[in-house]
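Here is the structure we will look at, set down as structure tokens.
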Amino acid sequence: MTSNLTSATIAFIGGGNMASALIGGLIQSGHAPSAIHVIEPFAAQADKLRRQFGVVVEAAASPALASAALVVWAVKPQLFKEAAQPCAAHVKNALQLSVMAGIRSAAIAHATGSARVVRTMPNTPALIGRGMTGLFASAAVTPDQRQMVESLLAPTGELLWVEREEQLDAVTALSGSGPAYVFYFVEAMMRAGNELGLSAGQARTLAVGTFAGAAALAAQSTEAPAVLRQNVTSKGGTTHAAITTLDERGVMEAFVQALHAAARRAKELGDEFGA
């Protein structure tokens, strides 16, 4: 972790699951809990954060926010404007980091008074350090500030910067929503396993293990996924029978169109909440 992040005061607006994952990573990397401030209005969650991490938690914005070099926005998109209003007077000198879907950097800059904005799109495996996060930085963000953000997010998994903000809609479609697609196919494999005589536990172990192993092989291999698939698919064999059935039913085209639908919805959410 870079020294400028280690010594910085960091404020989180919202203390839910993603904020908790980031806070846990900071503390494991040596960040002082006393230098982490959280605004969390729900008493039960606030108490959980205090007990688990020993961080400073307040129910509402206060002048103490002015000491933060980095402000992490981790509220639901529809609550952003309401949450930002009492914070704006205190955070305009800070780097703004958003883990919110849809809220565009111009809206964050307008609401906070800071042109230094980094938008991110994490996914849920970040909660176990296996996430995939897309990032976009506004023009006012310096290389050092990019490094600060990378240091903060490093414990959550892999990072990928994009050059244009609208590309975050594609990131949302592929990786932000992506875990749900994997779970969907795992469900289908488990159902088939049950129908073919396996127990629910056996089917789950086989399905989850196969996805994890195949993903690891794809990550390590220099061959394209199509080639890896062909390597498993002997003509006339069992895999060929399965892939042929999928192709006959248009599964790949339907899946591609599903991701286009997710990207369109991400843009719509941006139009609704983040313009």
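Just so it is clear, none of the values below were taken in a lab; they were calculated from the coordinates. The structure presented is a predicted model; accordingly, all values stated were derived computationally and were not measured. Reconstructed Cβ throughout: ideal geometry from the backbone, glycine too, with neighbour counts over all protein chains shown.
Okay, here's what the table says:
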{"quantity": "Semi-axis lengths, Å, the range 178-270, gyration tensor of Cα atoms, sqrt of 5 times eigenvalues", "calculated": "24, 19, 16"}
{"quantity": "Stretchable slack from Arg249 to Ser221, in nm (0.36 nm times residue separation minus alpha-carbon distance)", "calculated": "7.2 nm"}
{"quantity": "Calculated FRET efficiency for the pair Ser34/Val182, C-beta based, R₀ 41 Å, to 0.05", "calculated": "0.60"}
{"quantity": "Rg/Rh ratio calculated on Cα atoms of the chain (Kirkwood radius)", "calculated": "1.04"}
{"quantity": "Neighbour-limited loop hits for chymotrypsin sites (Phe, Trp or Tyr not before Pro), the range 1-83 (at most 15 other Cβ within 10 Å; DSSP other than H, G, I, E, B)", "calculated": "Phe42"}
{"quantity": "Candidates Val149, Val56, Val256, ranked by Gaussian network fluctuation over the chain, Cα under 10 Å, top entry", "calculated": "Val256"}
{"quantity": "Whole-Hz ³J(HN,Hα) from phi, Karplus 6.51 cos²θ - 1.76 cosθ + 1.60, for the range 121-133, glycine and proline x", "calculated": "10, x, 10, 5, x, 4, 5, 10, x, 10, x, 10, 10"}
{"quantity": "The range 170-186 residues near the modelled Ser199 label - backbone nitrogen below 15 Å, point 7 Å along Cα→Cβ", "calculated": "none"}
{"quantity": "Axial C-alpha extent at least 20 Å, average Kyte-Doolittle at least -1.0 - helices from the chain (DSSP)", "calculated": "178-195, 200-220, 251-273"}
{"quantity": "Loop trypsin sites (Lys or Arg not before Pro), the range 125-170, which have at most 15 other Cβ atoms in a 10 Å radius of their Cβ (DSSP)", "calculated": "Arg130, Arg164"}
{"quantity": "Integer Hz, Karplus 6.51/-1.76/1.60 couplings in order for the range 167-173, x for Gly and Pro", "calculated": "5, 5, 5, 5, 4, 4, 5"}
{"quantity": "Karplus-derived 3J(HN,Hα), 6.51/-1.76/1.60, for each residue of the range 55-69, Hz, glycine and proline x", "calculated": "7, 7, 10, 10, 7, 8, 4, 9, x, 4, 4, 5, 7, 7, 7"}
{"quantity": "Residue of Leu217, Leu174, Leu127 that the Gaussian network model of the chain assigns the largest fluctuation, springs spanning Cα pairs under 10 Å", "calculated": "Leu217"}
{"quantity": "Trp161 long-range amide H proximity, modeled H, under 5 Å", "calculated": "Leu135"}
